[in-house]
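Undergrad: Structure below; questions to follow.
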Amino acid sequence: MDLPEPGRRRPDDPRPAPGERRRGRRARGRGPLTVSSSAADAPRTPEEPPAGPDAADRHPRRHPRAKLTTTTARPEGGGRAAPGDAPAPARQWPLLTVLGLTALGLLIVGTDLFAQSFRVGALLVGAALLTGAVLRRVLPSVGMLAVRSRFTDMITYGVMGALIVLLALMVQPEPWLRIPFLEDVLHLTVS
């Protein structure tokens with residue numbers, strides 16, 4: 001078995017040589033990867049000026065690209081809501097507040113203790129989502145209540161909470177809130 005000299009590559013080696021970079025993708029195992037080599041792709045030393053007419057306007061890359069993604073970025077504001085040495089419930093109190101209000105609302109609806117329990121329970125579920133939107137806006141860190149960006153979470157929690165509250169107030173029989181144009185739309189669609 002002959003080994004190549006140090007610094008030389010074997011001709012059947014599929015990996016790109018130093019200074020070469022891959023172009024394109026392998027199409028599901030069909031065909032070889034396209035590899036190109038140019039002076040612009042070659043790594044530069046800090047003393048070496050960049051090449052090209054507009055090179056003075058470009059800044060050298062400061063951070064090397066990640067070769068492999070190992071984690072997922074935490075959503076903005078997704079840090080702990082209490083210090084790390086606090087017990088787990090204290091670190092996630094915003095989420096537990098929203099879940100507790102939701103559970104209380106569902107419990108009231110499920111037990112049907114009084115005449116308007118379905119309405120009161122639904123109002124509590126909507127209020128829980130509205131509380132989540134307010135907490136997401138006001139607090140810098142909300143723990144696992146942060147799912148997406150701050151803006152998206154606020155809009156999602158707020159719109160869903162407002163709709164649930166609105167529907168709970170308008171539910172029949174004997175609605176607590178009457179909106180005439182919505183009644184007309186309902187009658188047009190049903191009849």
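Undergrad: If r is the Cβ-Cβ distance from Leu177 to Thr70 and R0 is 45 Å, what FRET efficiency results, to the nearest 0.05?
TA: For R0 = 45 Å, the calculated efficiency reads 0.30.
Undergrad: With a point put 7 Å past each Cα toward its Cβ, work out how far Leu169 is from Arg80 in nm, to one decimal.
TA: Result for the modelled spin labels: 4.0 nm.
Undergrad: Quick one: Karplus J couplings for segment 82-88, per residue in order, coefficients 6.51, -1.76, 1.60, θ = phi - 60°, nearest Hz, x for Gly and Pro?
TA: Values per residue, Gly and Pro as x: 9, x, x, 7, 6, x, 3 Hz.
Undergrad: What does the highest-first list of 145-155, 77-87 look like by mean Cβ count within 10 Å?
TA: 145-155, 77-87
Undergrad: Pulled fully out, how much extra length does the chain show between Ser141 and Val185, if you take 0.36 nm times their separation in residues and subtract their Cα-Cα distance?
TA: Computed gain between Ser141 and Val185 is 11.6 nm.
Undergrad: What ranking, highest mean first, results for peptides 130-141, 179-190, 106-117 when packing means the other Cβ atoms within 10 Å averaged over each residue?
TA: 130-141, 106-117, 179-190
None of the figures in this text is laboratory data; all of them are computed from the coordinates on show. Keep in mind the model is a prediction, meaning the values are calculated, not measured. Every residue, glycine as well, gets a Cβ built from its backbone with ideal geometry; the counts of neighbours run over all protein chains shown.
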